[in-house]
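Comments concern the structure below.
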Amino acid sequence: MISTAIRLARVGSRSELAAAVLMMLGYPLVMCAALLPDIWFFAAAAAVTYIADWYLHQRGSYLVNRLSKVRAGLSIRFLLRQLMVILLLARLDLAAEPLFYTAVACFLLFYGLQAPHGAMATLVRMRRTMPVVTRNVDLHSVRIPDAPPRALMYRSAEKMLHLDIPAVAGILAAAGTGVNAIGYAGAALTLLLALAYTAAVVPYLRRGRLVPPAAAVLKAVDRWLSEYQPTVALYFSGSNESAYQGNMWLDTMAKIDGRPLIIMRERGLVPQLAETSVPVLCVPAGTHLMNMDFSSVRVCLYPANVGKNIHMLRVPTMKHVFIGHGDSDKLASVNPYSKVYDEVWTAGRAGRDRYALADVGIRDEDIVEVGRPQLAPITTWTGTTRNPVPTVLYAPTWEGWDDNPGNTSLLLAGENIVRRLLTADSPVRVIYKPHPFTGIRSAKAKAVNARIVNLLAKAAEKRAAEPRWVQAAAAAADAQNAAKAELVRIEAELAGLARTGRAGGDDAEESRVSLADPARQDRVETLRAEWNDAYWRSFGWWEHKTVTGAQPKLYDCFNESDAMVSDISSVVSDFIASGKPYAVTDSAELGAEEFKRQNTAVRAAVILSNSAEEIGELLAAVADSAADPLAGARRELKSYLLGPDEPTSIERFNAAVRALAARAEARNAGVRQRLGEQTVARPDMEDESSGAGDGEERIVAEAVAAADADAEVATGPSGVR
């Protein structure tokens, strides 16, 4: 019932639901208190509405936005409360008293001051919004001043409205005590604070405080592009929840041959971008993007199929490649939209076969097997557990956009999987890492996720009280405390390195100060590795753990675990790189044989039913590698899904980039030649010494030869692409 109320109210938690209920009830109670009249009841109810409203804004509750759609926005709620103060004074027979007129005049003047304040704050934000947001891009040719203080601009309308508190409190106190001076003082303080807040915004309207016009900024970006001459671009667009799809390619882009560039489309995604030394250019407006000079780019990589891709796909001078954000047997991995790209790059032979079976119009010659460069950090299984107690990772995927029971094991099997792991004959540690999208569409999935988190927390508490683990905890206490202290030190240093500008700087200021610093980047990478090591040492190897957020990464969880349970997703394909035992849940109950036939990645997995009663097979393989019947199948499947170990994936990836860049160059040279033939008079065909067109033909021939050579490196000596 509570979960239904949460969903209907569009709030994110029980505490938000409670705040929403208090706020909704608070306003009728304020009106009742005014009508009674009861000053102290009124004060208490008004305080509840203030606090509940503030809490919902602090949490960024979606309900706040919905209220504005039904004419119950923030300004209306504050105005309503002020009107109730006037009503209260009238019911107290104070309508003919100076205090009443003071309250009316104060609230009218205060309301009048909100318009210029709001207009100026909006104008400052608009005039400080550049047409682009950048990272590691030198825009020294345009002057970008410091942003206004965060305390001044952040949620300024809400802060302005809350300045009525001195007036409301003073007037109520005056009405209750009969000392009108308290009300006069409160009203005066409210108006003085409102005037001061409005005046504080004025200096930031001066031309010197604003960013240059859009034309000047775009000109500077074009100048930088002409100097940098990017050759390979990663083009990324999506919702705020999809930032991981771009982040997974950052390390690969940093190691790519040529001059890489990351092109983004949504401002909200830029703060979620992980640390990178690669130049980042976020261009929200399609018209601005289409007018930029990307003539030097020869290969553009796309990790997601989204509508805004069309703004870059229209550029004919570069070749367009779909690289995806995972390689799995999901339908998304064989999207017919992929026909728009020049090539589709898959990890291994399985990706090629997947498209052939789907028959969605992707030609076999347009598929290139490049491996998965991101999998380099995954360590290979040694055949023995890392700790005295084996660790099993449960990493289910999310519920998807439809109600297909095969989307995720979470709904039908999640709790069964966790319970069977927790009650296994031999002790097992469970690490639970849910998908970042879990619960965004299905309230039921969100509820199951919460129950699993609670289940693991209680199991951890119970285990901590058992004598065996109490003794282990006592022995490891000093080392864990040292690791925790190390985490604090590392996080403090990372926070310092992350502060490239002043706290609270806006996008414009961040674009000015966030220039690439190789030394800082190297230090950040070192610290992140140290953080990951300290994190796993900061708690016992027997302790159950729920892992959410960006850190530790999924691959770090792979390396810490001895086995994994997951669903049909790229997580399974990636985990296969480790060679460790794994299990996949047949949530749709297709049956083991049909499940394996339809999903390549599960052919070397322990197949679980929704009851998860087969979990013992997975634990037996972890306990004794000699008795693991699927070890050989996992090795074969790894090669089929991810390609050979040699050459390395990054070598194959770079070879594919060079080959496709050569094809793009050959195409562009051919276009220039054809255009030249149309505009320049042809020489006498009998004059063999003229040499007309020989240079262009040589360029085309050399480019095609280079493409063929690199293509062989990318696909292997077999010649199969």
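What number of residues within region 446-468 satisfy the criterion of being in contact with a Ser or Thr (Cβ under 6 Å, 6 or more places away or on another chain) and in contact (Cβ under 8 Å) with a residue 40 or more places away in the chain?
Counting residues in region 446-468 that are in contact with a Ser or Thr (Cβ under 6 Å, 6 or more places away or on another chain) and in contact (Cβ under 8 Å) with a residue 40 or more places away in the chain gives 3.
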Out of the residues in region 423-454 meeting the condition of being over 27 Å from the mean Cα position of the chain (by Cα) and buried (at least 19 other Cβ atoms within 10 Å of the Cβ), tell me which one is nearest to Gly246 (Cα to Cα). Arg429
Meets criteria (at pLDDT below 95 and out of contact with any helix residue (DSSP H, G or I) (no Cβ under 9 Å at 6 or more places or on another chain)) for Gly208: yes
Between Ser639, Ser625, which is within 30 Å of Met253 (Cβ to Cβ), surrounded by fewer than 20 Cβ atoms within 10 Å (Cβ to Cβ) and among the polar types (S, T, N, Q)? Ser639
Please tell me if Ala169 is surrounded by fewer than 15 Cβ atoms within 10 Å (Cβ to Cβ), assigned by TED's automatic domain parsing to the domain that holds Gly183, small (Gly, Ala, Ser) and modelled with pLDDT of 90 or more. no
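Could you tell me which of the residues Tyr244, Tyr235 is under 16 Å from Leu313 (Cα atoms), within 18 Å of the chain's Cα centre (by Cα) and assigned by TED's automatic domain parsing to the domain that holds Pro316?
Tyr235
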Restricting the first residue to region 647-662 and requiring it to be farther than 18 Å from Leu250 by Cα, which pairs with a second residue that is of a type in the set (Ser, Thr, Tyr) meet a Cβ separation below 7 Å and a spacing of at least six or different chains? Ala661/Thr231
Select from region 537-553 the residues that are among the hydrophobic types (A, V, I, L, M, F, W, C) and surrounded by fewer than 20 Cβ atoms within 10 Å (Cβ to Cβ) and write down the one among them that is nearest to the chain's Cα centre (by Cα). Ala550
Within region 229-238, the residues that are at pLDDT below 95 and either exposed (fewer than 14 other Cβ atoms within 10 Å of the Cβ) or not in a loop (DSSP other than H, G, I, E, B) (or both) are Phe236
Any residue at all in region 442-461 that is of a type outside the set (Gly, Ala, Ser) and part of a loop (DSSP other than H, G, I, E, B)? no
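The values are calculated or read from the model by the stated rules, or taken from the named source; none is laboratory data. Fair warning: this is a prediction, and the values are worked out from it, not measured in the lab. Heads up, the Cβs are rebuilt from the backbone with ideal geometry, glycines too, and the neighbour counts pull from every protein chain shown.
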